[in-house]
Amino acid sequence: MFAVNFDALIGSFVRQYNRHNMNFPAATSGTPLPAPDPGQRYLLYLHIPYCAVLCPFCSFHRVRYEPSGARQYFDCLRREIELATSAGFKFDELYVGGGTPTVSPAELIKTIGRVRELHSITGISVETNPDDLGKDSLATLRAAGVNRLSVGVQSFDDDLLREMQRLERYGSGAEIIERLRRMEGSFDTLNVDMIFNFPHQTEATLRRDLQILTEEIGVDQVSFYPLMTVNSTKKKMSETMGRVDYARERAFYEILAEHMQANGYTRSSAWCFSQKPGMFDEYIVERDQYLGLGSGSFSYLAGNLYSSTFSINHYVRLLEADKTGTFGRLDMSERDQMRYHLLMQLFSGSLDKTVAEERFGGRFQRTLWPELTMLQTIGAVRNAGVQLTLTESGYYLWVMLMREFFTGVNNLRDQMRHNIPLETAILGSG
Ligand code: SF4
């Protein structure tokens, strides 16, 4: 009998869509940012591309930490913040990601301080790793106004941590638990980033991770990312961690979603579970537009996607010439913008149809009727008044769609690195 693997079919469709639609033209000169909307306050994303060690599965824009280069980079980043401010951008929220933003705490604090001098910021979220959770650094971050800390844990299982090459640098599962316990109550939101569907992860190791999260430490929020592979990391990853089997992903997701909800967490997005409302990692869902500064950052402004240069040397040269690091622009048609809106809004669980119609001049449902009809036919969404909401099976579909979307973004990062041959030499293979 012929059986269709529906999950694989959808994954392959989205992969092909990404290949055709997510291509930044190879820019040869700086790309100016559009003028900001005067009435709008934006989220500011800052990218810190430094890490103490480079994990084999990671496809983010990151290089090995080196103090003097990092100091120069932070100087340029502060200059870029000033340039964006002079151009009229107003920010009310700050998200610092990487890389490992806390790799140089003094520079990070100085940079946050500069943003706060220039803008009225109501929320600051910073990503970190478990080895940066010393008492002093936590107090300094709090004093700098950081109210949400997101810790990259990935798993508490020592064998998996060893395979990820994180055990030595970031500590064993038991050490990480101890550090997280010490932090309870230190920030408005303490988020832990986990990964599921590692090649050598079993149902038992996943269940043990879940038990630790809900019974042994009381973090406010947990984000479970499905393991993602991209062309540049595939080989290294399969050598060190094994080959990814997407056929197991749904079962793992169902286990973790059931466990978290049975233990008092609600879904803030398809893969983020929170004990209370608050800022979450996927700021791209909550904010219609955002500005990203720093090498390798992305911005979504006026319906177009912008990328900064992925060459740190090039970034420094641009800033020394008083130019921003923006280097490529992906123009999106109105239909693409609608699909982006649909993808991001339903990732949070629901889409407000009235808001979507207002935003797209009353053309949203009319234009996207094939997508909306297909989603209803397969039982992924349901109408609830003005809201379109995900069903239980729709949540897993969205995990797949977002996994493929981020894989597309990560492959785009590869492409951006290739657009500048010099940059590839600087970054190395990780
Ligand atoms: S997973 Fe985190 S710590 Fe590891 S290389 Fe990527 S950004 Fe750096």
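The values are calculated or read from the model by the stated rules, or taken from the named source; none is laboratory data. Being a predicted model, the structure only gives us computed values, none of them experimental. Quick reminder, even Gly has a Cβ in these numbers, built from the backbone with ideal geometry, and neighbours come from all protein chains shown. These accessible areas exclude ligands, DNA and RNA; they are computed on the full protein's heavy atoms, side chains included. Shrake-Rupley method; radii C 1.70, N 1.55, O 1.52, S 1.80 Å.
Total residues in the stretch 144-154 satisfying the condition of being within 12 Å of the ligand (Cβ to nearest atom) and among the polar types (S, T, N, Q): the figure is 2.
The selection criterion, being in contact (Cβ under 8 Å) with a residue 12 or more places away in the chain and over 19 Å from LEU54 (Cα atoms), does not hold for ILE176. Taking the conditions (1) open to solvent by less than 10 Å² (accessible area, probe 1.4 Å); (2) part of a helix (DSSP H, G or I); (3) modelled with pLDDT of 90 or more in turn, LEU149 satisfies each one other than (2). Kindly establish whether ARG62 is more than 24 Å from ALA302 (Cβ to Cβ), within 16 Å of the ligand (Cβ to nearest atom) and either among the β-branched types (Val, Ile, Thr) or surrounded by 17 or more Cβ atoms within 10 Å (Cβ to Cβ) (or both). Yes, satisfied. Considered as a group, the residues in the stretch 65-83 that are away from the ligand (no atom under 16 Å from the Cβ) and charged (D, E, K, R) include one that is most open to solvent (accessible area, probe 1.4 Å), and that residue is ARG71.
Taken over the stretch 105-139, the criterion of being touching a Phe, Trp or Tyr at 6+ places or on another chain (Cβ under 7 Å) and within 16 Å of the ligand (Cβ to nearest atom) is satisfied by SER125, ASN129, PRO130, ASP131. For the stretch 322-334, which positions are out of contact with any helix residue (DSSP H, G or I) (no Cβ under 6 Å at 6 or more places or on another chain) and either open to solvent by less than 60 Å² (accessible area, probe 1.4 Å) or more than 18 Å from ALA87 (Cβ to Cβ) (or both)? Within the stretch 322-334, THR326, PHE327, GLY328, LEU330, ASP331, MET332, SER333, GLU334 meet the criteria. Here GLU184 meets the list (1) out of contact with any Cys (no Cβ under 9 Å at 6 or more places or on another chain); (2) within 30 Å of ASP414 (Cα to Cα) almost entirely, failing just condition (2).
Being surrounded by fewer than 20 Cβ atoms within 10 Å (Cβ to Cβ) and either over 24 Å from the mean Cα position of the chain (by Cα) or at pLDDT 95 or above (or both) holds for only one residue in GLN201, GLN211, and it is GLN211. In this structure, is GLU93 part of a helix (DSSP H, G or I), in contact with a helix residue (DSSP H, G or I) (Cβ under 8 Å, 6 or more places away or on another chain) and touching a residue at least 24 places away in the same chain (Cβ under 8 Å)? Taking the combined requirement at face value, the residue does not satisfy it.
Mind checking which residues of the stretch 36-54 are in a loop (DSSP other than H, G, I, E, B) and either among the charged types (D, E, K, R) or within 11 Å of the ligand (Cβ to nearest atom) (or both)?
Keep residues of the stretch 36-54 that are in a loop (DSSP other than H, G, I, E, B), which gives 36-41, 49, 52-54.
Hits for the stretch 36-54 are ASP37, ARG41, PRO49, ALA52, VAL53, LEU54.
When you scan the stretch 162-213 for helices (runs of 4 or more DSSP H) that lie fully inside it, which ones turn up with 1 or more residues that are more than 16 Å from the ligand (Cβ to nearest atom) and hydroxyl-bearing (Ser, Thr, Tyr)?
Numbers: elements: 167-170, 173-183, 203-211.
So the answer is 203-211.
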